[in-house]
């Protein structure tokens, strides 16, 4: 099952990075979003990130130009119907993802593989709402996509071997490493990472340490490149809360209960870097802890 054209739903933080790596690997990419502004911003960011790779001698100027030319954009979801592989990278809300797949289904080729970049939602459940559960997989990239080497491949209960093998070959062509995860809430990375972040927020909530002391402790005491609160801001506090809710509801264990302080920040609209405020305030020249 040869993959030549790739459709990407969503031009946000994950979608533009996925488009970037597929174009560099030689795939024709069609990226869609409901917002023209999001598509323009995504293309501008890809342009800058490709320039950065040229300056670091990761790719040549010729390869950079060819990669950028392979990316096309559209506001019409149906235009993705003729692609060989679709990667949904919309917001982490199951109803939104289901609606996207329902709107896309009438336009798809029979051979098109559907995948979701979801970080926690059941692949089996998403697949069951489509006409091709055997050709449906979880294709979970890490952020930032051009830099992070891991891709989680998650089979639903109906995913066939051909679909899995094809997606594995795609990951290898991208120059990344695949980890196969079973279809349980959070898969591997977020099943481990999010409770750690949530516990860091509880540590702040209970007054054990300040934002600065918690992040410094994990960076210098556990050799983490980013502190957990800094990382939460980078991921997006709304995304962190959504994943913790999926873990809590899906596994029915109180150890996955989201910290009330995380909920409060999200309710305030303090979502991290993307809203300029989270556990740090990013509106000035340097990030300043908010607690």
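The values are calculated or read from the model by the stated rules, or taken from the named source; none is laboratory data. Because the structure is a prediction, the values reported are computed rather than measured. When we count neighbours, we look across all protein chains shown, and the Cβ atoms used for this are built from the backbone with ideal geometry, even at glycine.
A few comments on the model shown:
- Checklist (1) more than 20 Å from the chain's Cα centre (by Cα); (2) over 26 Å from residue 87 (Cα atoms); (3) touching a residue at least 24 places away in the same chain (Cβ under 8 Å) applied to residue 162, failing item: (2)
- Verdict on residue 286 being within 22 Å of the chain's Cα centre (by Cα) and without any contact (Cβ under 8 Å) to a residue 12 or more places away in the chain: no
- Looking only at region 139-163, residues that are surrounded by fewer than 17 Cβ atoms within 10 Å (Cβ to Cβ) and in a helix (DSSP H, G or I) come to 2 in all.
- Selection status of residue 101, in the same structural domain as residue 141 (by TED's automatic domain parsing) and over 16 Å from the mean Cα position of the chain (by Cα): yes
- Qualifying residue in region 55-62 (condition: free of Cβ contacts under 8 Å to residues at least 12 places away in the same chain and either surrounded by 13 or more Cβ atoms within 10 Å (Cβ to Cβ) or within 22 Å of the chain's Cα centre (by Cα) (or both)): yes
- Counting only helices (runs of 4 or more DSSP H) that sit completely within region 216-291, those holding 1 or more residues that are modelled with pLDDT under 95 and surrounded by 13 or more Cβ atoms within 10 Å (Cβ to Cβ) correspond to 228-235, 237-251.
- Region 98-129, residues that are farther than 27 Å from residue 241 by Cα and surrounded by 14 or more Cβ atoms within 10 Å (Cβ to Cβ): 104, 105, 107, 108, 112, 113
To keep it simple, each residue is scored yes or no on (1) assigned to a loop (DSSP other than H, G, I, E, B); (2) in contact with a strand residue (DSSP E or B) (Cβ under 6 Å, 6 or more places away or on another chain); (3) at pLDDT 95 or above; (4) at negative phi.
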{"site": "67", "(1), (2), (3), (4)": "no, no, yes, yes"}
{"site": "78", "(1), (2), (3), (4)": "no, no, yes, yes"}
{"site": "86", "(1), (2), (3), (4)": "no, yes, yes, yes"}
{"site": "100", "(1), (2), (3), (4)": "no, yes, yes, yes"}
{"site": "111", "(1), (2), (3), (4)": "yes, no, yes, yes"}
{"site": "125", "(1), (2), (3), (4)": "no, no, yes, yes"}
